[in-house]
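Below: one structure, written as structure tokens.
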Amino acid sequence: MRYRLLAPFSKILLADANLDSFDTQAYFPNSHVQIKRATHTQPIQTVISQLQSPIVLEGESGLGKSMFLRNLVKTSKGLAVYLPASKCAAGVIKAIQAKLPISAHDSKFLQSLIDYNTLDICIDGLNEVTPDTRATISSFVERHFQGHIILTTQPLEWTPPATAKTYVLQPLKRQQILEFLISRQAILPEDAPVLGVEYEQACEDYLKTQLNQQQSKDELAAVRQFLSNPMDLTLVAQLLAQGKEPDLLNLQQQQYEIMAAEYQQLHLHPFPLSEFSETVYQMRLNDQITIPEELWRDELQCMERHKMVLTRQLKDASGKSYREWYFRHDKIQEFFIVQTFLKEENQQRQQQHLQDPRFRGVYLLLATLLNFEQALVLRETLIQCAAETKDHVVSDQFIQRFNSRPELTFTSAKDEMIALYQQHNQDLMEIARLQASQLINVENKAVSESMSDSYRSKYDQRHSQNSFVDATQSGGKQEISPIQHNYAPEQKQTLAEAAAEIQRLLKQLEETNPNATDTEKAAFVNLAIPANSRQRLVSALQAGGKEALKEFLDNPYVNIGTAIVEGWQNP
């Protein structure tokens, strides 16, 4: 009786799942899950083939949580309701009542449907709502400890319902990655330049190149992180089918550029990225899901052809048809939102949304899109925010993304440069000891002659701006003059190098962020200079005193420079 009474409303209950645009061929069924804090994994289709008790499905963005839910309700033989977590702020019962007109007058009727498990309840995106809304949903699940309920969320600091079992969706393994790429042929455009056997070979060749074991462990880990994500892999498949080389750090950018090129060819003017991105930002700010067609009809049609947005046909109360447009995935929406964060006039947004879970993915994009100096400052800000809120999810993932930047990839060549620097340091120390004992002047020529030819060729790279090791050498003085103060030559050399490096960093920050506060300047320098180098300077400063350091600092940098170093002495 209950089933037959609800059957006419089944489409309304699942409207938010947008099943009309759901292609079962796009769903990848071979993902695995792991019970939280367990060690073994199991196929998701085996573990969660149907709902029997409350479940939390946790996974990183793009691993396929929403796709699994949509496939679950699409193939379910029973009745189900699909709810975005954002619609449950007033409670889960209220959100379901809003979909069922008959229940608005009889809340007990709806309660009985849930108590007798007539309705499977799927709630998607707990990470996108406030802690209060999560608490409301969690309380509902704990009250219905035998209910057929599933919640999805990205990793976050929260306490899941005590009555729910938590499964963690796993990244794809090497063989799964290849299977996933090849399976994408079913949803690729029929007119794509690379298809069939040629496409399969392109997938295998690309994976061999990207997962090359000869690269460093850090590089390999970063590559695997991107390739194990089905959302990112879908973009890789689209780019390979277009005959292009996917750039794992800029997949959304590549997808956008292909779409924008077609848009300009059709409409004879560039895609309005700035204006469209501002609309998307306001949508996220106001929890608006649909993209206003009346403003962006031409843009949406072009984006639909490139799998960036989806459309749904609906009818209003008078029977008139209309369309609603949605982003295909949060990652695509966040690509446009982050464009507004990168604009100079909107930089305050980087601070404004630090604790807003709706912008979490935007901050992860900033880890690689901001210039290196700004990303360093934002990293420090996020770390401080995590310390205050006890929520380290965003800061930890930001650091992981930040460490995948090309500037921080530890290749064997950079390791060799570090070794050469350490050797040169020993050479300088020996020269200083000789000078102290023999009271001789050491000219640049003598320094050069004391080093091997192979070292000199490497040392010529000392002007690199990506390495403190190189920068300290470029800032240092090769000529050591006779002792005029109460500190040894090697201490003077250390002070000179450190002062030059601090000034170089401060000047660099002035160019990219002229309005940086003293706190931000200190944070930037602290992050850029390794701890062992700071300790070496502190030791030299103790011997020569603060006034000795001021000799090597230009007037505009004396106060901030000495303040930074004093902070090292008294952390």
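If you wrap the Cα atoms of region 347-408 in a convex hull and average its projected area over all directions, you get 3.8 nm². The phi-based Karplus calculation (6.51 cos²θ - 1.76 cosθ + 1.60; θ = phi - 60°) puts the 3J(HN,Hα) values of region 286-295 at 9, 6, 8, 8, 7, 8, x, 5, 5, 8 Hz, whole numbers, x for Gly and Pro. The distance between label points at Gln42 and Asp396 comes to 2.5 nm (points 7 Å beyond Cα on the Cα→Cβ vector). Note on region 171-244: with charges restricted to the Cβ of Lys and Arg (+1) and Asp and Glu (-1), its dipole about the Cα centre is near 320 debye. Between Gln52 and Leu295, the simple spin-label model (points 7 angstrom out along Cα→Cβ) gives 4.8 nm. For region 267-278, 3J(HN,Hα) computed residue by residue from phi via the Karplus equation (6.51, -1.76, 1.60; θ = phi - 60°) reads 10, 6, 7, x, 5, x, 4, 5, 5, 5, 4, 5 Hz, glycine and proline entered as x. Could you tell me how far the Cα centroid of region 310-384 sits from the Cα centroid of region 172-214, in Å? Comparing the Cα centres of region 172-214 and region 310-384, I get a distance of 29 Å. Of the residues Ile187, Gln225, Gln210, the one whose Cα sits farthest toward the positive end of the charge dipole of region 171-244, with +1 on the Cβ of Lys and Arg and -1 on the Cβ of Asp and Glu, is Gln225.
Neighbour counts of other Cβ atoms within 10 Å put Thr153, Thr166, Thr389 in the fewest-to-most order Thr389, Thr166, Thr153. Simple point charges give the picture: +1 on the Cβ of Lys and Arg, -1 on the Cβ of Asp and Glu, and for region 247-346 a dipole about the Cα centre of about 480 debye.
Amide H contacts under 5 Å for Lys165: Ile55, Val56, restricted to partners 5 or more places along the chain or on a different chain, H placed in the peptide plane at 1.01 Å from N.
Rounded to the nearest 20, the Cβ-based charge dipole of region 347-408 about its Cα centre (Lys and Arg +1, Asp and Glu -1) stands at 180 debye.
Debye-formula intensities of region 171-244, expressed as log10 I(q)/I(0) at q = 0.13, 0.28 Å⁻¹, are -0.35, -1.37 (one equal scatterer per alpha-carbon, no solvent). Cα extents for region 2-169 along the principal axes, largest to smallest and rounded to whole angstrom: 47, 35, 25.
Among Phe402, Phe109, sorting on how many other beta-carbon atoms sit within 10 Å of each Cβ, with the fewest leading, yields Phe109, Phe402.
No value in this document is a laboratory result; all are computed from the given coordinates. Source: prediction; values computed, not measured. Note that each Cβ is placed from the backbone with ideal geometry, even for glycine, and that neighbours are counted across all protein chains shown.
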